[in-house]
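Working notes, beginning with the structure itself.
The values are calculated or read from the model by the stated rules, or taken from the named source; none is laboratory data. Please read all numbers here as calculations on a predicted model, not as lab measurements. Here the Cβ is made from the backbone with ideal geometry for all residues, glycine too, and neighbour counts use every protein chain on show. The area values use the complete protein model at the heavy-atom level, side chains included, leaving out ligands, DNA and RNA. Shrake-Rupley method; radii C 1.70, N 1.55, O 1.52, S 1.80 Å.
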Amino acid sequence: MKKTLLAITAAILMTVMPAAQAQWVVIDPANLVQNILTAARTLQQINNQIQQLQNEAQMLTNQARNLTSLPFSALNQLQSALSATNQLLQQAQGLSLNLTQMETQLAQLYPAAYTASTPANQMALDASQHWQNALEALRTAAEVQSQSVQNFASDEQTLSDLVNNSQSAVGALQATQATNQLLALQARQAIQAQQLQLTQDRAVALEQARQVAVHARAAEVRNRFHGTGTPYTPSPVNFYGN
């Protein structure tokens, strides 16, 4: 029995060994190297694609940052400050700020000259209105000046907030929006300066118009005092027949 098993085992080994030897012999070293190089190139291509995908992901992330909106807006503060000054101008008394109405009032209240047909009480009423207009113009200029001073503190805080947001901007959009709001603040201050200059110039113009009207009224009063008859002419007088 043992001899039979040994014979069978030997026969199997003799059968397998030639097959194994034939298998090792068919391997081509050059082909093996080529396959290894091909695999290496494929791996490199895969790495390149991975790097490209990472770059695209980073680009999308940067684009998302650049499109992120600024979480701060000073528009309400700027509009509120400008609205407060505009309201003072709308409430201005005296000579109208409307161009058409102003031209009509100016022609009626500030004539170039008074005539003999103008009643004295009318000239007195005009003089009172001239003084009232000049006073209201000065009052409006003073109120706009006070409002401008009050806006300084608000402008300082707004400027600080805008600069801080601009410096901490995470993308181009936030930086651009912060810059635009800084420009809006500058524009609002320029408009406020124009409003202040307007009210001051208006006060000066009305005071000058009042002075012109005073001279015109004084000239008419002087003419009425002198009258239209022959003025007094001094002549020598002889006493005691001398």
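Laid out as a table, the results:
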item: All positions within the stretch 168-180 that are open to solvent by less than 50 Å² (accessible area, probe 1.4 Å) and either modelled with pLDDT of 85 or more or farther than 28 Å from THR85 by Cβ (or both); result: ALA169, GLY171, GLN174, ALA175
item: Test: residue in the stretch 186-204 that is part of a helix (DSSP H, G or I) and more than 23 Å from LEU82 (Cβ to Cβ); result: yes
item: Residue under evaluation SER69, criteria (1) of a type in the set (Ser, Thr, Tyr); (2) at pLDDT 85 or above; (3) within 27 Å of GLU156 (Cα to Cα), criterion not met; result: (2)
item: Counted residues, the stretch 137-151 - those being under 20 Å from VAL204 (Cα atoms), open to solvent by 20 Å² or more (accessible area, probe 1.4 Å) and either touching a helix residue (DSSP H, G or I) at 6+ places or on another chain (Cβ under 7 Å) or not hydrophobic (A, V, I, L, M, F, W, C) (or both); result: 6
item: Residue, farthest from the chain's Cα centre (by Cα), within the stretch 168-189, restricted to residues that are free of Cβ contacts under 8 Å to residues at least 24 places away in the same chain and farther than 30 Å from GLN90 by Cα; result: SER168
item: Any hit, the stretch 152-167, residues being in contact (Cβ under 8 Å) with a residue 12 or more places away in the chain, in a helix (DSSP H, G or I), of a type in the set (A, V, I, L, M, F, W, C) and buried (at least 17 other Cβ atoms within 10 Å of the Cβ); result: yes
item: Residue count for the stretch 193-227, restricted to those that are among the charged types (D, E, K, R) and closer than 14 Å to THR140 by Cα; result: 3
item: Any hit, the stretch 85-104, residues being closer than 20 Å to ARG188 by Cα and β-branched (Val, Ile, Thr); result: yes
item: Any hit, the stretch 206-220, residues being β-branched (Val, Ile, Thr), within 17 Å of ALA127 (Cβ to Cβ) and at pLDDT below 90; result: yes
item: Search result, residues across the stretch 70-109 that are more than 26 Å from the chain's Cα centre (by Cα), open to solvent by less than 30 Å² (accessible area, probe 1.4 Å) and in contact (Cβ under 8 Å) with a residue 24 or more places away in the chain; result: ALA92, LEU95
item: Residue list for the stretch 224-242, restricted to those being part of a helix (DSSP H, G or I) and either modelled with pLDDT of 85 or more or open to solvent by 100 Å² or more (accessible area, probe 1.4 Å) (or both); result: PHE225, HIS226
